[in-house]
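Colleague: Would you mind keeping the following structure in view while I ask a few things?
Read-outs throughout are calculated quantities, based only on the coordinates presented, and are distinct from any laboratory measurement. Source: prediction; values computed, not measured. Here Cβ is always computed from backbone atoms with ideal geometry, including for glycine, and neighbour counts include all displayed protein chains.
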Amino acid sequence: MKRNLIKNNTQELVRYCAFLRGVNVGGINMKMAEACKVFEKEGLGDVSSILASGNILFSSNLDPKTIEHQLKKSLGQYFNYDAHLFILDSNSIQNLIKNNPFKSHPDFHIYSFIGIEHIADKLMNEFKNSRTEPEELAKVIHHTFYWRVPKSHTLLSQFGKILGRKDLRDSFTSRNMNTFERILKKL
């Protein structure tokens, strides 16, 4: 049964990206083509994916929280897992990229985190209380947490290990800044 998350044709459609948490890592495997079908069954338009890490682009004129709630339920049922996702519109992604406080450098990964309200402050507290790698940095800009970590140390750093804690992992997801830039080009 196709639900209609696009209310009607009189309201302007907005382009969004849904960022699925923990997809194709840690035992939650899904093909992006199948995930896109779930979005389409929900009545979302212009659905496509970018990369295999759970980035689904779509159009709708509904409130993103309404869409998020329904997609968590539908993805969870279809793939038989506890689905977590966060939705940003193209303006939010553009601002996230613009506000990145770190310059690109071949020796570092730069990540941005999106999630529940106040997650940036919680992550900053965790970062401040962890032992950091040389030149590992973090900043919060406009309620968004940014993390710069030396390449090959993402999962080895103490903060990287903290990110997998059970009490945190369903509250956010992260992407490399390069991924956000690729997504914005496709939106």
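Colleague: Mind running the shape call on the range 14-91? Use the C-alpha gyration tensor, a ≥ b ≥ c as the square roots of the eigenvalues: rounded below 1.5 for a/c, prolate if a/b tops b/c, oblate otherwise.
Modeller: In terms of gyration-tensor shape, prolate.
Colleague: Another question, if that's okay. Could you identify which residue out of G164, G54, G22 has the top mean-square fluctuation in a GNM of the chain using Cα springs shorter than 10 Å?
Modeller: The residue that fluctuates most here is G164.
Colleague: Any chance you could give the angle, 0 to 90 degrees and rounded to 10, that helix 119-128 forms with the longest Cα principal axis of the chain?
Modeller: 20
Colleague: Next question. Within straight cross-link reach of K103, meaning Cα distance under 28 Å, which lysines are found once same-chain residues fewer than 8 apart are removed?
Modeller: Those lysines meeting the cut-off are K122, K128, K139, K151, K161, K185, K186.
Colleague: Here's a follow-up. Please find, in a Gaussian network model of the chain (springs between Cα atoms separated by less than 10 Å), the residue of N80, N91, N100 whose mean-square fluctuation is greatest.
Modeller: Of N80, N91, N100, the Gaussian network model singles out N80 as fluctuating most.
Colleague: Straight-line reach from K31: which aspartates and glutamates have Cα under 20 Å away, leaving out those fewer than 8 places along the same chain?
Modeller: E40, E42, D46, E68, D82
Colleague: Give me the dipole magnitude in Debye, nearest 20, for the chain about the Cα centre, with unit charges on the beta carbon: positive for Lys and Arg, negative for Asp and Glu.
Modeller: 200
Colleague: By how many degrees, between 0 and 90 and to the nearest 10, does the Cα long axis of helix 177-186 differ from the longest principal axis of the chain?
Modeller: 20
Colleague: When the helix-only estimate is applied to the chain (DSSP H runs of n ≥ 4, each -39,500 (n - 2.57), divided by the residue count), what is the mean residue ellipticity at 222 nm, nearest 500 deg cm²/dmol?
Modeller: Theoretical 222 nm ellipticity from helices: -9500 deg cm²/dmol.
Colleague: Right, another one. On full extension of the chain, what length is gained from Q70 through S104, given 0.36 nm per residue of separation minus the C-alpha to C-alpha distance?
Modeller: 8.6 nm
Colleague: Report, to the nearest 10°, how far helix 32-41 tilts away from the longest principal axis of the Cα atoms in the chain, using its own Cα long axis and a range of 0 to 90°.
Modeller: Long axis of 32-41 versus the principal axis of the chain: about 40 degrees.
Colleague: What's the local net charge at N100, with K and R +1, D and E -1, over the other residues with C-beta under 13 Å away?
Modeller: Local net charge: +4.
Colleague: Let me check I've understood the local charge: for H84, count other residues with C-beta under 9 angstrom from its C-beta, Lys and Arg +1, Asp and Glu -1. What total comes out?
Modeller: +1
Colleague: By how many nm would the segment from D63 to H118 grow when fully extended, if each residue of separation counts as 0.36 nm and the alpha-carbon distance is taken off?
Modeller: 17.8 nm
Colleague: Percent relative contact order of the range 117-187, based on C-alpha pairs within less than 8 angstrom and at least six residues apart?
Modeller: Normalised by residue count, the contact order of the range 117-187 is 27 percent.
Colleague: Could I ask something else about it? Rounded to two decimals, what is Rg over Rh for the chain when you use alpha-carbon atoms and the Kirkwood radius?
Modeller: Ratio value, two decimals: 0.97.
Colleague: Relative contact order, percent, of the chain when contacts are C-alpha pairs under 8 Å separated by at least 6 residues?
Modeller: Once divided by the residue count of the chain, the mean separation gives 22 percent.
Colleague: Can you give the FRET efficiency to the nearest 0.05 for N95 and V140, using r as the Cβ-Cβ distance and R₀ = 22 Å?
Modeller: 0.95
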